[in-house]
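Okay, so here's the structure we're looking at.
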Amino acid sequence: MPADPARARALAGASVVITRPAETAEPLVRGVRSRGGHPVRLPGMRLAPVDDVPAVRQALLAAAAYPLWIFTSPAAVRHFAELAPARVPSSDARVFAVGAGTARALARIGLAATAPARQHDSDGLLAEAELADVRGRSVAIIDAPDGSDRLAPTLRERGARVERIHVYRRQPPLLAAGHLQRLGSAERPWISLVSSGLALDQLLSALPEDLIARWQGEALVVSSPRLAAQARTAGFADIHVARSALTADLLDCACSVLAHHRL
């Protein structure tokens, strides 16, 4: 099938700032290039394995019989797959994913998962009917130490026994001079893609003030209403909410932003 000329130029003339870690950024980089845009890598964090692998594997085994499992990100799925014994979770467990991307990652390792139908974040998952009444049930949350702090306390308030099992770590970004130079010299308009509140916070702590001021004046595509509120508090004004954190949804939103900019 021939390439769609309109799609191939949908991001032409724009610099698309990609804030995902280097380990997970490549699909967005390819997607930006295929739409004619210029990808600018600005990783908001680094992903690292856990220190005590035997302890994590033991925690996963101890939770094997839990009836409810929640995975918070594709990265959590990937690191879980590297650590988990084959029989975890049990075959009759109900598995949930915070977003569609996480559900797809779980499907790739043979786990069918339920994801929020509309709002792809912790709040959307907590609104699922199956998680409304969890009194007396055990829930395993597969995440990183500094992940969302909404799931566990809310489920505990609803009466669940919650075990957070950290299968990887998020670390602050190591921004080299090249990252700053490429961002500062990037052609405008900038359209930044942000799907992590932690990445946004860490970039605002790491970037020099003059670049932050310029960044705040450009368009920001975020993956959830919660993240939009965080970005607004952080000083961004031109904020657009994508349908989800999926690569296609973030890029579709960026294309719409640029189309409006061109009017």
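Worth pointing out:
- Relative contact order of region 52-170, pairs being alpha-carbon contacts under 8 Å that are 6 or more residues apart, as %: 28 percent
- Trypsin sites (Lys or Arg not before Pro) within region 1-89, DSSP loop, no more than 16 other Cβ atoms inside 10 Å: Arg9, Arg87
- The spacing between region 64-82 and region 194-257, judged by their C-alpha centroids, is 26 Å.
- Rounded to the nearest 5, the antiparallel percentage of DSSP beta bridges internal to the chain is 10%.
- Cα convex hull of region 1-75, projected area averaged across orientations, nm²: 8.2 nm²
- The string of couplings for region 170-175 from the Karplus curve (6.51, -1.76, 1.60, θ = phi - 60°) is 9, 10, x, x, 10, 7 Hz, one whole number per residue in order, with x for Gly and Pro.
- Under the criterion of Cα pairs below 8 Å and six or more residues apart, the relative contact order for the chain equals 22 percent.
- Cβ-Cβ FRET estimate between Ala48 and Arg7, R0 fixed at 41 Å, reported to 0.05: 0.70
- In this structure the amide hydrogen of Val162, modeled in the peptide plane, comes within under 5 Å of the amide hydrogens of Val139, none closer than 5 places in sequence on its chain.
- With N counted as the residues of region 52-170, its alpha-carbon radius of gyration over 2.2 N^0.38 Å works out to 0.95.
- When the Cα positions of Gln171, Val257, Phe236 are compared along the charge dipole of the chain, Val257 comes out farthest toward the positive end, with charges on each C-beta of Lys, Arg, Asp and Glu.
- Cβ-defined net charge surrounding Arg182, 14 Å radius [Lys, Arg +1; Asp, Glu -1]: +2
- Kirkwood hydrodynamic radius of region 53-118, Cα pairs, Å: 11.9 Å
- Centre separation in Å (Cα based) which lies between region 28-56 and region 121-182: 19 Å
- Label sites at Asp210 and Arg118, each approximated as a point 7 angstrom past Cα along Cα to Cβ, lie 4.6 nm apart.
- Against the main long axis of the alpha-carbon atoms of the chain, helix 197-206 sits at an angle near 50°.
- For region 185-207, the residues whose amide N sits under 18 Å from a probe point set 7 Å from the Cα of His240 along the beta carbon direction are 187-196.
- Region 1-126, Rg to Rh (Cα coordinates; Rh as Kirkwood inverse mean 1/r): 1.07
- For region 191-263, the Rg and Dmax computed from alpha carbons only, in angstrom: 11.8, 34
- Using alpha-carbon coordinates, inclination of helix 74-83 to the longest axis of the chain, degrees: 40 degrees
- Cα-based helix-to-principal-axis angle, 53-62 vs the chain, degrees rounded to 10: 50 degrees
- Taking a ≥ b ≥ c as the square roots of the eigenvalues of the alpha-carbon gyration tensor, region 86-144 is classed oblate because a/c is 1.5 or more while a/b is no larger than b/c.
- Value of D in µm² per second that Stokes-Einstein yields for region 133-191, Kirkwood Rh from Cα pairs, at 20 °C (1.002 mPa s): 146 µm²/s
Read-outs: derived from the displayed coordinates by stated rules, not from any lab. All figures in this text were calculated on a predicted structure; none of them were measured in a lab. Using ideal geometry, Cβ is built from the backbone for each residue, glycine included, and neighbour counts are taken over all protein chains shown.
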